[in-house]
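Peer 1: Provided herewith is a single structure, encoded as structure tokens, for subsequent inquiry.
Read-outs: derived from the displayed coordinates by stated rules, not from any lab. What you are looking at is a predicted structure, and each value in this text was computed from that prediction instead of being measured. Neighbour counts run over all protein chains shown; Cβ positions are idealised from the backbone, glycine included.
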Amino acid sequence: MSSLHQIEGKAWHGFRGDRYELDEKSKDITESPGVYVFLGPAGEVLYVGKAKNLRKRLRSYFSSNLSSKTEALMEKVAGLETITVESEVEALILEITLIKKHKPKYNILLKDDKQYPYIRVGLDEKWPRVTLVRRMQKDGARYFGPITRASSVRETLAVLRRLFPYRTCSDRVLAQTTRPCLDYHLGRCLGPCTGELDEKTYMDTIQEVIRFLEGRHKHLRESLVKRMHDHAEKLEFESASRIRDQIRSLDDVTEKQRIVSPDMKDRDVLGLERSKEMSFVALLQVREGKLMGRDGFVLSGTAAEESGDVLEAFITQYYSRASHIPPEILIPVEIPSPEQVTEFLKERKKETGSGAGTVRIKVPRRGRLKDLVVMAADNARTMMAQELPRREREMEENEAAMKNLAEALGMDRLPRRIEGYDISNLSGQETVASMVVLADGRPDKSSYRRFRMKVQGKPDDFAMMQEVLWRRFKRGLKEREEAAQTGKGGKFSAFPDLIMVDGGKGQVSAAKEVLDELKLGIPLVGLAKKNEELFLPDRSEPIVLPRDSSALYLVMRLRDEAHRFAVTYHRKLRGEKALRSAILDVPGIGEAKAKELLRAYGDLDSLRKAPVEEIAKVKGIGMKLAEKIREHLKDRLSDF
């Protein structure tokens, strides 16, 4: 059976069947460039690949000479989808997008256990600030990163504060201040709050910040020296002496940086070290010939892959979200598709504002550049020596906790996927539920879900728990039926090995009624907060685990995460409700404009803190209406 799915604005051709049926159908697939997706029994994405010739590439999966990893993949394949594209580069870009979205089990994945921090220079603000953020957005600001260690970001920000007098106060403080703060009097801020500072002078400082973050220390020093001389010629000795101090501080920083490349070029250098299951990549940033920084990354799913494939996966996934693309990347071994990757990096270079021109990927064989690659490899080796024992210890502890929990609950297999549920409400208002997931003992945040309850009236925890479980598993069963027909699963099609609800015997009994009605034999447990007791549906007495039990710690961590996620969503809805209620009272604000303000600010507190000039930029508002909003809200207290 074939089906069509609209993804990325293109029609995907799908096939459903076992391995042998797919073998026959693959013979009729086009020989054009494209992307292919292998699906599991529930429609889940198992693997995403690209091909110069789709038919030829897919035929190789049905041969008898397969690696152990590919053989394991093909044993689970129950569906195949393909899409043809115009070029190999387009196929590469689509592959990257789908891997990032679905995180397939059998692809090489750049581990992203958290949102890596970026340094953000707020060029979208009248008086830009420099801040640490966790997500890069297309908002007109300049971003530098991602950086694996938040401590490195904070160290960089501390250096910037010594060098450049930009503001650190919030927009709200700046809008409401009546006199300059201590930073201004200490010469650590130019003082936009004084009303005497022109924007050009301030933006010159911000441009110097950007040059520093780009590693353009030579150009930055030349610019500072020129400005110092200009002030001196105008007899502005106080300004000249301040810039002189900046130059001295800059020299102190740059003297600590090691010159590793006499040609003074910009490049990234990659080093690779591999263990049995994971690979470690060290990235050295060289700017103007100096070593500016080091970062380390972990890739999973690399056990049966060649080193060149691992490096190509890292390059495409890392630089798809990097804020800067250098003109040259040094690597230790050749990658399989250098032309396509180079073209991809060229396009990303334009998008990030890193300049025009191609990006060269080189494998140096001798000399100074080879030494740089060896240095990167040494860094990767050191990282692996530090990280591998920690990760192995964490895996062993999680495995032991799952084993102890399975024994305590009488389960015949390990609860590798555990779903936890919690309800949050305030006097029955804006009641919400959360579903959080532990996969092999670790939070799987991409699988978290939240529900807005439809049960109205007096709060009933039992009825609300039944509602969320009914909606979750009814949706999951429907998606599984659709997957059997179309080969395309959904976000609820994966079922847990264990369900944990927040509460005691009553909540467990209510949840069991839903599972019985849906004919689902999924193990169920409740965790009562008072004494941390575990309740099973078929037992009148609770299970009391030792206080030092790893299994107890595991379920408590899941319970607390479910509670946090539910409360966060509840506060968000309350904030939206308060904001909508407040702004609809403002003359001239209707549903359309209220929706735009809600999208821009999310809650009343954020809108109250926003400067009038910023509010005026919201679609359909303007300065006159923004001033009305500010006047209407200035005496209204936040709900928080």
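Peer 1: Sequence-distant or interchain residues sharing an amide H contact under 5 Å with Glu328, placed H: which?
Peer 2: Under 5 Å from the amide H of Glu328: Asp268, Arg360.
Peer 1: Separate question: For Lys234, give me every one of the lysines with a C-alpha distance below 16 angstrom, ignoring sequence neighbours fewer than eight places off in its own chain.
Peer 2: Within reach: Lys226.
Peer 1: Under 12 Å Cα to Cα from Lys624, which aspartates and glutamates show up? Leave out anything in the same chain fewer than 8 places away.
Peer 2: Glu613
Peer 1: May I pose another question? Where nothing but the Cβ of Lys and Arg (+1) and of Asp and Glu (-1) is charged, how large is the charge dipole of the chain around its Cα centre, in debye to the nearest 20? Present the calculation step by step, with values, prior to reporting the outcome.
Peer 2: On the way: 115 positive and 100 negative charges, 212 e Å.
Magnitude of the dipole: close to 1020 debye.
Peer 1: Please compute the contact order of the chain in relative form: average sequence separation of alpha-carbon pairs under 8 Å and at least six residues apart, divided by the residue count, as a percent. Intermediate results must be reported in sequence, preceding the final value.
Peer 2: Numbers: 1098 pairs, mean separation 65.0, N = 640.
With pairs under 8 Å counted, the relative contact order is 10 percent.
Peer 1: Set Lys and Arg Cβ to +1 and Asp and Glu Cβ to -1, take the dipole of the chain about its Cα centre, and tell me which of Met292, Met375, Ile206 lies farthest positive.
Peer 2: The Cα lying farthest towards the positive end belongs to Ile206.
Peer 1: Same structure again: In the P(r) worked out for the chain, what percent of Cα pairs fall beyond 42 Å?
Peer 2: Values: 82135 of 204480 pairs.
Above the 42 Å cut-off, the chain has 40 percent of its Cα pairs.
Peer 1: Another question, if that's okay. Between Glu392 and Arg360, what is 0.36 nm times their sequence separation minus the Cα-Cα distance? Round to one decimal in nm. Working shown, then result.
Peer 2: On the way: separation 32, 0.36 × 32 = 11.52 nm, distance 3.66 nm.
Answer, rounded to one decimal: 7.9 nm.
Peer 1: Please report, in debye to the nearest 20, how large the charge dipole of the range 267-385 is about its Cα centre when each Lys and Arg carries +1 at its beta carbon and each Asp and Glu carries -1 there.
Peer 2: On the way: 18 positive and 17 negative charges, 107 e Å.
Charge dipole of the range 267-385: 520 debye, to the nearest 20.
Peer 1: Any idea what the dipole of the range 118-215 comes to, in debye rounded to 20, about its Cα centre with Lys/Arg Cβ at +1 and Asp/Glu Cβ at -1?
Peer 2: Numbers: 17 positive and 12 negative charges, 94 e Å.
In total the dipole reaches around 440 debye.
Peer 1: Give the Kirkwood hydrodynamic radius (Å, one decimal) of the range 118-215, defined as one over the mean of 1/r across all pairs of different Cα atoms.
Peer 2: Values: mean 1/r = 0.0713 Å⁻¹.
About 14.0 Å, per the Kirkwood formula over Cα pairs.
Peer 1: Now for a different question. Need the full-extension length gain, Leu157 to Glu541, defined as separation in residues times 0.36 nm minus the C-alpha distance. One decimal, nm. Each step should come with its number before you reach the end.
Peer 2: Numbers: separation 384, 0.36 × 384 = 138.24 nm, distance 5.57 nm.
Answer, rounded to one decimal: 132.7 nm.
Peer 1: Evaluate E = 1/(1 + (r/R0)^6) for Asp124 and Glu347, where r is the Cβ-Cβ distance and R0 equals 35 Å; express this FRET efficiency to the nearest 0.05. Could the numbers behind the result be given before it?
Peer 2: Details: r = 24 Å, r/R0 = 0.68.
So, using R0 = 35 Å, E works out to roughly 0.90.
Peer 1: Another one. Among residues other than Ile335 whose Cβ falls under 9 Å from its Cβ, what is the net charge (Lys/Arg +1, Asp/Glu -1)? Intermediate values should be presented prior to the final figure.
Peer 2: On the way: positive: none; negative: Asp309, Glu312, Glu334.
Computed value for this residue: -3.
Peer 1: Give the residues of the range 82-125 whose amide nitrogen is closer than 19 Å to a point set 7 Å from the Cα of Ser223 in the direction of its Cβ.
Peer 2: Under cut-off, by backbone N: 119-125.
Peer 1: Moving on to the next point. Just going by the charge dipole of the range 417-559, with Lys and Arg at +1 and Asp and Glu at -1 on Cβ, which of Leu498, Ser447, Val514 is farthest out on the positive end?
Peer 2: Most positive-ward Cα: Ser447.
Peer 1: Given the Cα-Cα distance of Ser446 and Ser239 and 0.36 nm per residue of separation, how much length would full extension add, in nm?
Peer 2: Values: separation 207, 0.36 × 207 = 74.52 nm, distance 5.16 nm.
Length gained, Ser446 through Ser239: 69.4 nm.
Peer 1: Taking the Cβ-Cβ separation of Asp497 and Val133 as r and a Förster radius of 41 Å, what is the calculated FRET efficiency to the nearest 0.05?
Peer 2: It comes to 0.70.
Peer 1: Taking the dipole about the Cα centre of the chain, with the C-beta of Lys and Arg at +1 and of Asp and Glu at -1, give me whichever of Ile99, Ala463, Val363 is farthest to the positive side.
Peer 2: Val363
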